Amino acid sequence: MKIVMLGAPGAGKGTQAIKISEKYNIPHISTGDIFRSNIKQGTELGTEAKKYMDQGLLVPDELVVALVADRITKEDCKDGFVLDGFPRTIPQAEALDKELEKIEEKIDFAIEVDVKDENIIKRMAGRRACVDCGATYHIEYAPTKVEGICDQCGGKLILRDDDKPETVQKRLQVYHEQTRPLIEYYNGHNILKTVDGAIGIEDVFNNIVEILGA
Ligand code: AMP
């Protein structure tokens, strides 16, 4: 099962992608996580990506496409994967389709997690990420057991630079200009499924499972 998650930053697609990955036993591939881990390790890719990420801008297509093309052809992806944060532009979607064509595969589902902009802004302000492992939480909707401490690794939680209100506004603008056209793209391929992302995490997930099949 090859799945693409769509939706504005902060719509909750990452949270749902992790749940899908666990239930269907397929890798969760988040380009944002890959960039953040590269930044942490101080790689050349990380240094380059950070310049764009800190401004709420997209990392250039050529950097992202090569990385994903390499990842999805790994052995663990042969039964499927869930892509989170990729594609984010039409050229990325076309490049992904081309890569999959080479191995006679295709995307089966594009799942859009739909949340209005005003809710996104509220949500992002409450989002917290672990400085050590990158796990994300929400002070209201998905709190940690101990305030400010990661449930998974005990690391300290912070508000990520790109979740700060001024950067969120920019990311939303970029989303509408560059990523939103993907809704039409996947609708045209008859694989778009939209779920309401404004309901609780478990309810959103149940609706996704209904689409994917139990
Ligand atoms: P995310 O965690 O998916 O919200 O990604 C955080 C940031 O990483 C984005 O705001 C972009 O700067 C960058 N990024 C992640 N995925 C992509 C992508 N597919 N194309 C371009 N930039 C990306």
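Compute the Cα gyration tensor for the range 156-208, then decide on rounded, prolate or oblate, letting a ≥ b ≥ c be the square roots of its eigenvalues: rounded whenever a/c is under 1.5, prolate when a/b is larger than b/c in the other cases, and oblate in all that remain. Write down the numbers at each step before the final one.
Working: a/c = 3.23, a/b = 1.29, b/c = 2.51.
Taking the square roots of the gyration eigenvalues as a ≥ b ≥ c, the range 156-208 is oblate.
Using Cβ point charges alone (K and R +1, D and E -1), the dipole size of the chain about the Cα centre works out to roughly 520 debye.
Here's how it looks for LYS2: its modeled amide H is under 5 Å from those of PHE81, ASP108, PHE109, which are all 5 or more places away or on a different chain. Between GLU62 and ILE18, the modelled label-to-label distance comes to 3.5 nm, taking each label 7 Å out from Cα in the direction of the beta carbon. Sorting the Cα pairs of the range 92-197 by distance into bins of 5 Å, from 0 upward, gives 2, 11, 16, 16, 14, 15, 14, 9, 3, 0 percent per bin. Loop-located trypsin sites (Lys or Arg not before Pro) in the range 101-159 (DSSP state other than H, G, I, E, B) with a sparse environment of at most 14 neighbouring Cβ atoms within 10 Å: LYS106, LYS116, LYS145. Here is the size of the chain from its Cα atoms: Rg then Dmax, 16.4, 48 Å. Every helix of 4 or more DSSP H residues in the chain counts as -39500 (n - 2.57), and over all residues that averages to -13500 deg cm²/dmol at 222 nm. Simple spin-label estimate for ASN206 and ASP108 gives 2.3 nm between the two label positions (7 Å along the Cα-to-Cβ direction from each Cα).
How about the range 128-214: which GluC sites (Glu not before Pro) there are in a DSSP loop, with at most 11 other Cβ atoms within 10 Å of their Cβ? Could the numbers behind the result be given before it?
On the way: sites: GLU140, GLU147, GLU166, GLU177, GLU184, GLU202, GLU210; in loops: GLU140, GLU147.
Those that pass, being in a loop and sparsely packed, are GLU140, GLU147.
Given their separation in residues at 0.36 nm each and the Cα-Cα distance between them, ILE90 and ARG180 gain 31.5 nm when the chain is fully extended. Restricting the range 44-114 to chymotrypsin sites (Phe, Trp or Tyr not before Pro) that sit in a DSSP loop and have at most 11 other Cβ atoms within 10 Å of their own Cβ leaves nothing.
So for the range 98-214: antiparallel DSSP bridges make up what percent, rounded to the nearest 5? Don't skip to the end; give the middle numbers.
Numbers: 7 of 12 bridges.
Given both bridge residues lie in the range 98-214, the antiparallel proportion sits at roughly 60 percent.
In terms of its C-alpha gyration tensor, the range 21-122 has an oblate overall shape, because the principal axis ratio a/c (a ≥ b ≥ c, square roots of the eigenvalues) is not below 1.5 and a/b does not outweigh b/c.
Of the DSSP beta bridges with both residues in the chain, give the percent that are antiparallel, rounding to the nearest 5. Walk me through the numbers before you get to the answer.
Working: 7 of 23 bridges.
Restricted to the chain, the bridges split so that about 30 percent are antiparallel.
We did not get these values from a lab; they are worked out from the coordinates using the rules stated. Worth saying up front: this structure is predicted, and the values here are computed from it rather than measured. Glycine gets a Cβ as well: all are built from the backbone with ideal geometry, and neighbour counts include every protein chain shown.
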